[in-house]
C-alpha cells in the first residue's frame, strides 16, 4: 500500500473540476497535428516548450512538467469516510462491471490517490494484457530514471579534416525534417569556416541493439525501432497517426539529411553509408550541449582511421522528457514509447533492446516499490500481447505519480487524455455525462482487449485513480462504452 498523503486536486465540485481541466487542456499540450492552430500558436507564445536549439542544460533536481501547476495543487484532503465511499463504489460499479460487452474476463481497481488506499477491487491483482495502458508504466520508469528535464540528442560529427561526416542517432523518435534542417544549417556553417563544400556522409544508428522490428511485424502503428529516424519513419511525412512506415528509418533519415545538406550547398560524394560506434554512450540525467567543432565526451562514434577523434560540428535536441511523456500518453504514440523504454535501459546500463528495456522498466518500478507480481514488460508500447499488468499496478502507478514526494512523475498525470477534450479520449464519452473534462485516462485497445486507467475527481472533490481491464471482449465499441460508463460513474 502506498504511504498516506494529504493533498488533493484543486476542485471543490464537479463544475469547478470541469473548469480546471479545461484550463489544463488549453495549456498542457502536446501541440501536434490534432490540435487547433490557434492553440499551438498561443502555447508557443508562452514559451512552454523548447525548439531544437533550446539549451537543454537543467538542474539534476527533478521538477514537475510545465503544465502540472495548472492541474495539481497541495491542499488538505476533504473529510470523507473511506468505508462509506468503498461501499458506495461497490454498489455503483458492480453492475456496470458485469456488462456483457466487457467479455468474460474483467478486473478493476479504484484507489484514493491521496492515500493509495484501495476503495474497490475485483481481481485487482490478476495480471491481464494491458494493451496501451502499459505506457503508464513505461513513462513512469523513464521519468524516474532520467528526470523530466532530460533531452535526447541527435549529433553530427566530423573527422579532423571535416571531409567525412557522421549523423549519430540518439533515439529521438520525434526528430522531424525541421530538426534535420537545423542540423544541416549548423553543419554547413561549421564546414564553411573550414572551406569544405564536399563530404562523405555516414550514419550511426547503433545505439539500440536486438531486433528492430516489433514482434507484431510491419504495422502502420509503429516503425522499426531505430535510434535514428525522421518523421517516425512515415512514408508520407505529412500523415499523422497510423500510416505506412519505412523498413529502414535510419537510412531514410540519412538520405534526407544528405538532401538538406545539398540544399545548403554541401555536396556528398556518394549515398550515405551505415557505421557502428565502438560503444554506445549512456545518457546522462542532464544532457549538456557541446560547442560545435569541439570534442564531446558523449558523442565519439569513431575515428578517422588514424586514431584521431571525430569532433561534434552540430547537435539538436528533443523536447524535454516531460513533453515527450505527455505526447506519448495523450496520443498513445508507440514510437515514442519504445524509444523511452530504451532510454531507460541505457540509463540503467542495460542493452537498448526489447528485452533489455523490459528488464530496465521492471527494475525501475521496483525501486518505486510498486506491486509487480505477475507483471511483464515485453515492449514499451503495449502492442505486444505478452505484456502483463494488474489493475492494482496501474492504479499504484497513478497514485505514485500523484505523490508530492515524486514531482518528477507528474507528467504521467498531466499527459493523460481528457474526456471529450484531447487525444484518444477526444471522441469518447459521448453518452457518459458528466465525465467530460473530469475523467483523464489512458486507453488500451487490441483485438479482444480493452482497458482504461486514469484519474477522476468525484463529487466530493476527491482524486481517485482507477483501472478497468477487459479481455476476450466481443467488439471494441461496446467495450469502450462500458469502460466509459464505469469511469463516469466515479464522478457521481
Residue in region 179-190 that is closer than 25 Å to residue 324 by Cβ, part of a loop (DSSP other than H, G, I, E, B) and within 24 Å of the chain's Cα centre (by Cα) present: no
Count - residues of region 331-340 that are under 20 Å from residue 218 (Cα atoms) and part of a helix (DSSP H, G or I): 6
Residue satisfying condition, being outside any strand (DSSP E or B), within 16 Å of residue 130 (Cβ to Cβ) and under 21 Å from the mean Cα position of the chain (by Cα), within set 396, 467, 441: 396
Qualifying residue in region 186-205 (condition: farther than 22 Å from residue 310 by Cα and surrounded by fewer than 20 Cβ atoms within 10 Å (Cβ to Cβ)): no
Test result for residue 372, farther than 14 Å from residue 208 by Cβ and touching a residue at least 40 places away in the same chain (Cβ under 8 Å): no
Test: residue in region 424-431 that is assigned to a helix (DSSP H, G or I), crowded, with 24+ Cβ neighbours inside 10 Å and modelled with pLDDT of 95 or more: yes
Strands (runs of 3 or more DSSP E) contained entirely in region 102-163, each with at least 2 residues that are crowded, with 24+ Cβ neighbours inside 10 Å, in the same structural domain as residue 468 (by TED's automatic domain parsing) and out of contact with any strand residue (DSSP E or B) (no Cβ under 7 Å at 6 or more places or on another chain): none
Some residue of region 261-281 being closer than 30 Å to residue 408 by Cα and either touching a helix residue (DSSP H, G or I) at 6+ places or on another chain (Cβ under 8 Å) or modelled with pLDDT under 55 (or both): yes
Condition met for residue 416 (out of contact with any helix residue (DSSP H, G or I) (no Cβ under 7 Å at 6 or more places or on another chain) and either at negative phi or at pLDDT 95 or above (or both)): no
Residue in region 371-379 that is in a helix (DSSP H, G or I), more than 13 Å from residue 141 (Cα to Cα) and at pLDDT 95 or above present: no
Per-region count, region 198-234, residues under 13 Å from residue 250 (Cβ atoms), free of Cβ contacts under 8 Å to residues at least 40 places away in the same chain and not in a loop (DSSP other than H, G, I, E, B): 0
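The values are calculated or read from the model by the stated rules, or taken from the named source; none is laboratory data. Computed from a prediction, not measured in an experiment: that's the story for all the values here. When we count neighbours, we look across all protein chains shown, and the Cβ atoms used for this are built from the backbone with ideal geometry, even at glycine.
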